[in-house]
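The values are calculated or read from the model by the stated rules, or taken from the named source; none is laboratory data. Note that the structure is predicted; figures quoted are calculated from it, not measured. Here Cβ is always computed from backbone atoms with ideal geometry, including for glycine, and neighbour counts include all displayed protein chains.
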Amino acid sequence: MRLTLSVFALITPDLSSRVGDSLRLCPLNLLFHRVVATIDMHRQKLNQQALQELKREFQDMSLPYEVIEFLSRGSYGAVCSGANADTGVAVAIKRVFTTTSESQIIHILRSEFLCKRVLREVCLLAHFQHPNLLGLLDLVLDRTSNNEKLYLITELMKTDLQQVIADRKIDLSLEHIRYFSLRATRHLPLGSQELQR
């Protein structure tokens, strides 16, 4: 019974607070928490490394942007917050460089398939100029190194919808979903009129 509860606690670590101290001290549960802590430490180290690399790259290219803080890592690169050194406007800096697929490092700008996806993102960001949509402020292509790197400079947002949906602390009601849907669609052209409340 104890082994079964311990395995279950691996899947739902918060169960240990409901079952008692004996489960909390279980070797499998301790191992799980050590593995999670090790993964988090490794992830933080990679994030700091990406931040330092991005700062160094922007200094080497003498770009008018200051890299401030690491925000996230996605499929195609890292995103950091920054500021335009001339105007002080807060920006997000996304570096498109490499990705890993099936344990192989793939240079995104050398892969026709992945490069088309990045090009599609750039075209959409550049096309839509609207207060309710993220816009592209600048685009930098670094060809000085052997591995080309692309930097997308966009407006800095406080969060994104994916983070709001994934955050278990936020209880999204039907009203929230209606609000987000309205915000996303309210300026779509419908003939000669825009969608209004």
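Some points to look at:
- Residues within segment 51-76 that are modelled with pLDDT under 85, within 16 Å of Glu155 (Cβ to Cβ) and touching a Leu at 6+ places or on another chain (Cβ under 9 Å), tallied: 0
- Restricting attention to segment 138-170, the residues being in contact with a Leu (Cβ under 9 Å, 6 or more places away or on another chain) and either of a type in the set (Ser, Thr, Tyr) or modelled with pLDDT of 80 or more (or both) number 14.
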